[in-house]
1. Under 9 Å between Cβ atoms, which residue pairs at least 6 apart in sequence (or on different chains) link something in the range 116-134 that is more than 22 Å from E17 (Cα to Cα) with a partner that is among the aliphatic types (A, V, I, L, M) and at pLDDT below 95?
2. When only residues in the range 48-74 that are in contact with an Asp or Glu (Cβ under 6 Å, 6 or more places away or on another chain) and within 19 Å of L94 (Cα to Cα) count, which is surrounded by the fewest Cβ atoms within 10 Å (Cβ to Cβ)?
3. Is it fair to say L97 is under 21 Å from A126 (Cβ atoms), out of contact with any Lys or Arg (no Cβ under 6 Å at 6 or more places or on another chain) and assigned to a strand (DSSP E or B)?
4. Can you find, within the range 29-78, the residue that is modelled with the highest pLDDT among those that are more than 16 Å from the chain's Cα centre (by Cα) and within 20 Å of E5 (Cβ to Cβ)?
5. Could we say that H103 is at pLDDT 90 or above and part of a helix (DSSP H, G or I) here?
6. Pick out the one residue from A93, A119 that is among the hydrophobic types (A, V, I, L, M, F, W, C), closer than 16 Å to A58 by Cα and either surrounded by 13 or more Cβ atoms within 10 Å (Cβ to Cβ) or modelled with pLDDT of 90 or more (or both).
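The values are calculated or read from the model by the stated rules, or taken from the named source; none is laboratory data. Fair warning: this is a prediction, and the values are worked out from it, not measured in the lab. In this analysis, Cβ positions are derived from the backbone assuming ideal geometry, glycine residues included, and neighbour counts consider all displayed protein chains.
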Amino acid sequence: MKSHERGDATEARVVAELKERGIPAAIPFSDNQRYDIIVETPAAELLRIQIKTGRLQAGKIDFHGKSQHTNSTGNTYQKYDGDVDYFLVYTPALDSLHAIGEHEFDTRIQLRVDDPEQADSSINWAEEYEFDDRWPLQPTQEA
């Protein structure tokens, strides 16, 4: 499956997961926004969501918190840098959905699924980011 097709399939799956949970979601009219959808919390707050496909590799879910575009010089990458509130990461290999705040990492994060060979206090455990445990998501506080 091509990268764009995989992204479309992930977006459709995440929107379906939200609808099954009774969570209002709105899709922008065009693709000119930095976010993929808007969700409404039970407190009627609107959050900008970027949807990403997680890749399961070596016991970790991996995804990038930056966008990639192709132009005449090749691939260019851009950080979201406050343009979204949360990333919803769907990992097809695990049929799992995780929510990570844009403020919780820089451009890349790995969520550990399996026990590592060596324990480390900096490990981001996938279970700590499970969507159902984090819902309702909280709006980010601007400085």
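1. P116/I123; N124/I109
2. Among those that are in contact with an Asp or Glu (Cβ under 6 Å, 6 or more places away or on another chain) and within 19 Å of L94 (Cα to Cα), it is G59.
3. Criteria met by L97.
4. Taking the candidates together, the pick is S30.
5. In short, yes.
6. From the options A93, A119, the qualifying one is A93.
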